[in-house]
Amino acid sequence: MKKNIKLSTSIAFSCLVIILYHLPYFIYGEDSNLIIHDNLDSNIAWAKVLIENNAVFPKPLKSIPIMGGVPFASYYGVYDLNLTWFSLFGIYKGYVIAKLIQSFVAFFGMILLLKTHFHHKNNIIITSGALLFSILPFWSYTLSVAGIPILMYAFLNIRNNNTKIYNWLIIIVAPFVSSLFLTGLFFLITFCILYLYDWIKNKKADRFSFLSILTLSSFYILSHFPLFFLFFLTPFTSSRIEKISIPNTFSSSLEITKNIFLNGQYHAHSLHLYLIPIIILGLILKVKSKQNILLIFIVITSFIYGFINWTSIISIIEFITHYFPIQLQRFHFLHPPFWYISATISAIIISDKMKLIGKILLIFIFGYQLQFLWNKHETRDGNNKISFKEFYDTNLFQGIREFIPEKELSYNVLCLGFEPAIAQFNNFNTLDNYAPNYSLKYKKEFRKIIEKELEKNSKIKNYFDDWGARCYAFSSELGIEIPNDNIK
């Protein structure tokens with residue numbers, strides 16, 4: 001009874017912290033400073049365009065009036081339940097609700113995973129580890145990273161012969177709230193390897209584990225059906241096939257490996273650096289632990305991330321991605337939950353082995369990590385110096401619409417010196433767009449508009465020709481600030 005009270009109290013306290021963590025969104029409203037890169041400049045505006053064009057769950061080839069008219073499958077390409085919050089609450093409030101849901105799914109998913117499959121009884125440490133994971137600054141508004149623990153929980157349940165309906169429901173829903181190409185594919189590969197390990201070890205295949213993998217794969221195909229339809233059932237050639245990666249030397253590849261291992265990556269923040277001492281101490285105190293396999297996975301996939309563009313293998317990688325245009329290094333999207341599982345296991349080992357001194361050490365490090373993550377909230381991050389309201393500036397664009405006699409949907413515009421997402425958010429159809437997947441034909445045609453500017457500036461020329469997802473009206477004088485995120 002006492003342990004249950006401790007658990008419920010810890011959960012109640014953690015939920016309060018999560019609510020307080022998100023309070024700035026509600027206090028400042030649209031005056032909140034939000035992340036621009038791959039967020040305000042794309043994902044949020046895309047949501048608004050989709051909703052206003054009745055294109056949340058449309059036919060794959062439904063036309064979106066951007067870039068002269070592109071099929072839904074090229075513009076967004078996913079049947080995404082996260083867009084529900086934007087439909088119900090509006091764009092800004094929908095975004096905030098989605099962020100709150102991210103944290104609660106991450107928190108309760110991590111608690112279920114740790115208590116069920118890592119068999120630890122220290123409720124305070126478990127909820128503390130889950131809380132730290134839940135207030136990571138998850139990228140944008142999907143459950144791609146935040147939902148990994150609860151998906152692992154369902155898969156491992158089935159692996160352990162718990163085939164209750166809620167496990168299958170989690171597996172069925174997950175593809176509609178996460179990305180196949182960010183986490184889904186790499187989660188599936190990882191659990192396929194685990195399935196093969198079990199098969200070899202037990203000398204027989206487990207049919208329910210196989211069925212869980214098959215179910216997740218099938219529903220990812222269903223949720224991403226527009227993309228599969230576009231690639232396999234239409235004569236579509238993606239602009240991504242022209243993507244050229246910059247080769248890295250062995251030493252620079254090693255440096256990237258070290259950086260991803262220690263610091264994580266922008267789109268999958270783990271912010272785990274200050275937890276590494278806990279993990280190392282836990283390993284010293286108990287060499288044989290379940291965290292070992294997670295750390296081995298992180299090390300191996302950090303090397304994959306670092307050496308994917310190594311000069312000795314880059315030609316092979318580009319040959320593969322020419323026909324299957326995905327980022328093969330994205331196993332790192334699984335790192336955040338793995339780091340926090342490892343840290344929590346180590347914390348419990350330290351608490352058991354070192355008693356009072358261990359508990360004092362954990363209070364200090366976990367407390368420091370909590371305030372560190374607290375200050376990384378996107379509304380507090382000093383790098384985010386513009387608010388939602390300032391970025392989209394609907395009042396300014398209302399004036400522009402009133403100045404132009406024609407209705408805004410009767411013509412297309414180009415955006416020079418500012419993001420096309422801003423015009424799109426304000427109901428203008430743009431010929432330019434931030435579009436990770438659009439036709440190679442359109443890229444060639446659009447290039448004719450900007451080719452003279454490209455020839456004046458090699459930086460923007462290479463940026464457009466070798467990647468091109470930002471299909472913008474570039475200016476040689478303005479140039480472009482290329483995000484240093486190591487992944488596109």
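Descriptive notes on the structure:
- Yes/no for Ser302 being under 28 Å from Asp381 (Cβ atoms) and of a type in the set (Gly, Ala, Ser): yes
- Among the residues of the range 31-58, those identified as farther than 17 Å from Leu83 by Cα and polar (S, T, N, Q) are Ser32, Asn33.
- Any hit, the range 359-366, residues being open to solvent by less than 10 Å² (accessible area, probe 1.4 Å) and either out of contact with any strand residue (DSSP E or B) (no Cβ under 8 Å at 6 or more places or on another chain) or farther than 12 Å from Ile276 by Cα (or both): no
- Of all residues making up the range 193-212, the number that are touching a helix residue (DSSP H, G or I) at 6+ places or on another chain (Cβ under 6 Å) and modelled with pLDDT of 95 or more: 4
Every residue, every condition in (1) open to solvent by less than 10 Å² (accessible area, probe 1.4 Å); (2) of a type in the set (Val, Ile, Thr), yes or no:
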{"position": "His119", "(1), (2)": "no, no"}
{"position": "Ala130", "(1), (2)": "yes, no"}
{"position": "Trp139", "(1), (2)": "no, no"}
{"position": "Tyr153", "(1), (2)": "no, no"}
{"position": "Arg159", "(1), (2)": "no, no"}
{"position": "Thr163", "(1), (2)": "no, yes"}
{"position": "Tyr166", "(1), (2)": "no, no"}
{"position": "Pro175", "(1), (2)": "yes, no"}
{"position": "Ser179", "(1), (2)": "no, no"}
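- Count of the range 284-313 residues which are polar (S, T, N, Q) and over 26 Å from the mean Cα position of the chain (by Cα): 3
- Helices (runs of 4 or more DSSP H) contained in the range 364-453 and holding at least 1 residues within 30 Å of Leu131 (Cα to Cα): 388-392
- Hey, Asn462 open to solvent by 60 Å² or more (accessible area, probe 1.4 Å), in a loop (DSSP other than H, G, I, E, B), under 30 Å from Thr257 (Cβ atoms) and not basic (Lys, Arg) or not: no
- Filter result for the condition that a residue is open to solvent by 10 Å² or more (accessible area, probe 1.4 Å), within 30 Å of Lys243 (Cβ to Cβ), among the polar types (S, T, N, Q) and assigned to a helix (DSSP H, G or I), over Ser315, Ser302: Ser315
- Yes/no for Tyr195 being of a type in the set (Phe, Trp, Tyr), out of contact with any Leu (no Cβ under 9 Å at 6 or more places or on another chain) and farther than 30 Å from Lys389 by Cα: yes
- Failed item in (1) surrounded by fewer than 18 Cβ atoms within 10 Å (Cβ to Cβ); (2) in a helix (DSSP H, G or I), with Ile348 passing the rest: (1)
- Within the range 243-293, tally of residues that are part of a loop (DSSP other than H, G, I, E, B) and of a type in the set (Phe, Trp, Tyr): 1
The values are calculated or read from the model by the stated rules, or taken from the named source; none is laboratory data. Note that the coordinates shown come from a computational prediction; the quantities given were computed from them, not determined experimentally. So basically every Cβ, Gly included, is an ideal-geometry build from the backbone, and we count neighbours across all protein chains shown. For accessibility, only protein heavy atoms count, side chains too; no ligands or nucleic acids. Shrake-Rupley method; radii C 1.70, N 1.55, O 1.52, S 1.80 Å.
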